[in-house]
Every structure is written in C-alpha cells, then in structure tokens.
Amino acid sequence: MRRVYQVDSGPIHSPFGSAWGFIEAGGASTPHTHTEEETFYIVEGQGLMIIESEEREVQKGDVIYIPADHNHVLRNIGNDTLTFITVWWEASTVRKGR
C-alpha cells in the first residue's frame, strides 16, 4: 500500500484517507475490520472481494463499498498484479444513531 492522504493529518487535513494498493498473483490483503467506511476501485487485474460471508469476483472498473465494522479481504485470483485505489472515511454518525 502507498498512502496518498491520511484522514485529518497535516499539512493536508483531508476528511478521508486514500491509498494505492497492489496485490501480486496468488496474494491477498490481510483480513481486517475497522470503524471507517471504505471504497475500493479496481484499476487492473482480477480479484475476489470477501466482505463478512459475501464473496464476489471483481475486475478492472469495479467499485466496492465496505460498511464500517465489516471484516473484509481482497484476494488476487488472476495472473497479473491486482491494482486498486482505496478511500476510507469516518463512519456516518447518523447511521449509527449517535
């Protein structure tokens, strides 16, 4: 991962964080859960996005939304590097009932 922006960190105080991600053939991101909402945009390659118990194949041009507090992992199921952009932001307090 190569971070582009970090949420509310200087000198740029962005309301979101973002990064370029690269997963080699046969590799996967580390399964994880966090309090932020997140979106992945697949730039190149083929993958399998697993969010909780739901699995979907993804490819170039696909956009995936991941709600806060949902375990997720992205696996490269192709032969080439899977390249993606990810953007995350603090979860909406309206939807959480706060």
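The values are calculated or read from the model by the stated rules, or taken from the named source; none is laboratory data. None of these values were measured; they are calculated from a predicted model. Cβ coordinates were reconstructed from backbone atoms using ideal geometry, including for glycine residues, and neighbour counts include every protein chain displayed. We work out accessible area using only protein heavy atoms, side chains counted, and drop any ligands, DNA or RNA first. Shrake-Rupley method; radii C 1.70, N 1.55, O 1.52, S 1.80 Å.
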Seminar exercise, completed: Going through segment 2-29 in order, the residues found to be modelled with pLDDT under 95 and loosely packed, with under 11 Cβ neighbours inside 10 Å are Arg2, Gly10, Pro11, Ile12, His13, Pro15
Exercise. Regarding Ala91, is this residue surrounded by 11 or more Cβ atoms within 10 Å (Cβ to Cβ), modelled with pLDDT of 90 or more and of a type in the set (A, V, I, L, M)?
Worked result: no
Problem set entry | Scope segment 25-79; condition hydrophobic (A, V, I, L, M, F, W, C) and in a loop (DSSP other than H, G, I, E, B); matching residues | Ala25, Ala68, Ile77
For this session: Residue by residue through segment 37-70, note down the ones that are charged (D, E, K, R) and either more than 11 Å from the chain's Cα centre (by Cα) or open to solvent by 40 Å² or more (accessible area, probe 1.4 Å) (or both).
Result: Glu44, Glu52, Glu54, Glu55, Arg56, Glu57, Lys60, Asp62, Asp69
For this session: Kindly list, by first and then second residue, each pair from a residue in segment 70-81 that is without any contact (Cβ under 8 Å) to a residue 40 or more places away in the chain and farther than 11 Å from Glu24 by Cα to a residue that is open to solvent by 10 Å² or more (accessible area, probe 1.4 Å) and assigned to a strand (DSSP E or B), limited to pairs with Cβ atoms under 7 Å and residues at least 6 apart or on different chains.
Result: His70/Ile51
